[in-house]
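What follows is one structure encoded as structure tokens, with my remarks underneath.
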Amino acid sequence: MVPIRTTAADRREQLRKEYWPAEPAWPGSKTKGWYPSPRTLPLTLGLLASKELSGNQDPSRVYVELLSRHMDGGLIEMTHEDDHAYAAGYWGPRALRTWTERMEILEKGGFIKTKAKGNRRYGYVLLVHPAVAVQKLKDQNRLPEGWWDAYRARQIEVKETTYDDVVRAKPAKAAKLNIAKFKKTRAS
């Protein structure tokens, strides 16, 4: 896929060449190992770190580590929990315990859902759409003062998917699947 060149992209390229001609720049999605994230991610990480949501146990590094393992479909097949803890920046004798506490905060906050796999408590993790998790926290009056307004302003600015967009998309997909299933059943 060839990236679409816009006037803004051309301007940024010209500025980069002007000010940093010899520096290798991070090209984002054109690089292997890259993952997309919502443009509201910094606000979401701030929310996760807030005392209102997590007290003194900031789970934002665990959330970023999970996002970085996401390939598609919102599902992460977990590896060894110690590896996840280390990748999130926790090492030493309390690493796994600290990581587990942060995973629990993410789950209670509605940002992830988990399933065990054998003896592992975290075999699979579902990343809940951030707009859905945030809306539920808003409905529960768990957001810090002023945070919602900043979040919504950024969502509007970057035309990010909203809670209403996610909710509206669900029935359309379900209806499409049911029609396909109905046609298949009738053809049999």
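Determine which single condition Ile105 fails, assuming it passes every other condition in (1) in contact with a Pro (Cβ under 6 Å, 6 or more places away or on another chain); (2) at pLDDT below 95.
So the condition that Ile105 fails would be (2).
Any idea which residue in segment 95-137 is nearest to His80 (Cα to Cα), counting only those that are β-branched (Val, Ile, Thr) and out of contact with any Leu (no Cβ under 7 Å at 6 or more places or on another chain)?
Checking each candidate, the answer is Thr100.
Mind checking which residues of segment 37-59 are in contact with a helix residue (DSSP H, G or I) (Cβ under 7 Å, 6 or more places away or on another chain) and under 19 Å from Glu160 (Cβ atoms)?
Hits for segment 37-59 are Ser37, Pro38, Arg39, Thr40, Leu43, Thr44, Leu45, Leu47, Leu48.
So, in segment 52-64, of the ones that are without any contact (Cβ under 8 Å) to a residue 60 or more places away in the chain and in a helix (DSSP H, G or I), which residue ends up nearest to Thr100 (Cα to Cα)?
Filtering first and then ranking leaves Val62.
Hey, any hits in segment 111-122 for a residue that's in contact with a Gly (Cβ under 8 Å, 6 or more places away or on another chain), more than 21 Å from Asn56 (Cβ to Cβ), among the aliphatic types (A, V, I, L, M) and surrounded by 15 or more Cβ atoms within 10 Å (Cβ to Cβ)?
no
Which is of a type outside the set (Ser, Thr, Tyr) and over 27 Å from Val134 (Cα atoms), of Trp26, Trp99?
Trp26
Go through the residues of segment 37-58 one by one and say whether even a single one is β-branched (Val, Ile, Thr) and surrounded by 11 or more Cβ atoms within 10 Å (Cβ to Cβ).
Yes: one or more hits.
Pull up segment 8-41, narrow it to residues that are under 29 Å from the mean Cα position of the chain (by Cα) and among the polar types (S, T, N, Q), then point me to the one that is nearest to Val158 (Cα to Cα).
That would be Thr40.
Give me the pairs, please: first residue somewhere in segment 128-144 and charged (D, E, K, R), second residue anywhere and outside any helix (DSSP H, G or I), beta-carbon distance under 9 Å, and either six or more positions apart or on two chains.
Taking only residues 6 or more apart or on different chains, the pairs are Lys136/Gly109; Lys136/Gly110; Lys136/Val128; Lys136/Arg142; Arg142/Gly109.
Is it the case that segment 20-36 has a residue that's within 30 Å of Arg142 (Cα to Cα), touching a Pro at 6+ places or on another chain (Cβ under 9 Å) and not in a loop (DSSP other than H, G, I, E, B)?
So far as segment 20-36 goes, no, none of its residues is within 30 Å of Arg142 (Cα to Cα), touching a Pro at 6+ places or on another chain (Cβ under 9 Å) and not in a loop (DSSP other than H, G, I, E, B).
Restricting the search to segment 65-82, which residues are surrounded by fewer than 17 Cβ atoms within 10 Å (Cβ to Cβ), in contact with a Leu (Cβ under 7 Å, 6 or more places away or on another chain) and closer than 16 Å to Thr100 by Cα?
Asp82
Go over the candidates Leu48, Leu96 one by one and state the one that is under 20 Å from Tyr35 (Cβ atoms), modelled with pLDDT of 95 or more and either part of a strand (DSSP E or B) or of a type in the set (A, V, I, L, M, F, W, C) (or both).
Leu48
The values are calculated or read from the model by the stated rules, or taken from the named source; none is laboratory data. It should be emphasised that the depicted structure is a prediction, and the values quoted were computed from it without experimental measurement. Glycine gets a Cβ as well: all are built from the backbone with ideal geometry, and neighbour counts include every protein chain shown.
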